[in-house]
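What follows is a single structure, written as structure tokens, with notes after it.
The values are calculated or read from the model by the stated rules, or taken from the named source; none is laboratory data. Note that the structure is predicted; figures quoted are calculated from it, not measured. When we count neighbours, we look across all protein chains shown, and the Cβ atoms used for this are built from the backbone with ideal geometry, even at glycine.
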């Protein structure tokens, strides 16, 4: 039986992640404009390097990291939200975070997701002393990558909602070991059929 992608948990998870990506896109593009306005003394070399960085980030993060890895995982985990689980009500309240692998996920997924967030935060802090032109290039590239990811997520979620495709989107759904909120012990969740 194909998973029901027409239920609200699926769309809440997907659209919540799309909204987060769009919000981050707008913030990064505004930051890129702000940094480019402060780059009065930047020469042609800095602007060329900034353009190369922007293109590399847009393609590397947008296509490889978001469209090919993150988006399929979010769609598959959002589809998995319709399966009965002991922690269902909590996973539905935070459905966008659940689909993104930030909670109610297997231990290795949680570690990877939170280490990625820590790495991004460290990168933002490290870029504080970079010349404004280079920072504008990084912000532009990240903004374009996030926009690429938002579009890819919206398109794949719409495609996954089609009945003929919905049953194919189960490859990234993992069998999580979660904390049973009523008992307080680690309990394995039965595999999704």
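Tabulated results
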read-out: Residues of region 120-156 satisfying the condition of being free of Cβ contacts under 8 Å to residues at least 60 places away in the same chain and under 16 Å from residue 70 (Cα atoms); value: 120, 151, 155
read-out: Flag if residue 69 is modelled with pLDDT of 85 or more and either closer than 27 Å to residue 156 by Cα or surrounded by 13 or more Cβ atoms within 10 Å (Cβ to Cβ) (or both); value: yes
read-out: Residues of region 102-132 satisfying the condition of being in contact with a helix residue (DSSP H, G or I) (Cβ under 9 Å, 6 or more places away or on another chain), in a helix (DSSP H, G or I) and more than 20 Å from residue 59 (Cβ to Cβ); value: 109, 128, 132
read-out: Options 150, 157, 161: the member that is over 30 Å from residue 39 (Cα atoms), surrounded by 12 or more Cβ atoms within 10 Å (Cβ to Cβ) and modelled with pLDDT of 90 or more; value: 157
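To keep it simple, each residue is scored yes or no on (1) in contact with a helix residue (DSSP H, G or I) (Cβ under 8 Å, 6 or more places away or on another chain); (2) at pLDDT below 90; (3) farther than 23 Å from residue 149 by Cα.
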| residue | (1), (2), (3) |
| --- | --- |
| 31 | yes, no, no |
| 36 | yes, yes, yes |
| 43 | no, yes, yes |
| 52 | yes, no, no |
| 55 | yes, no, no |
| 65 | yes, yes, no |
| 85 | yes, yes, yes |
| 92 | yes, yes, no |
| 96 | yes, no, no |
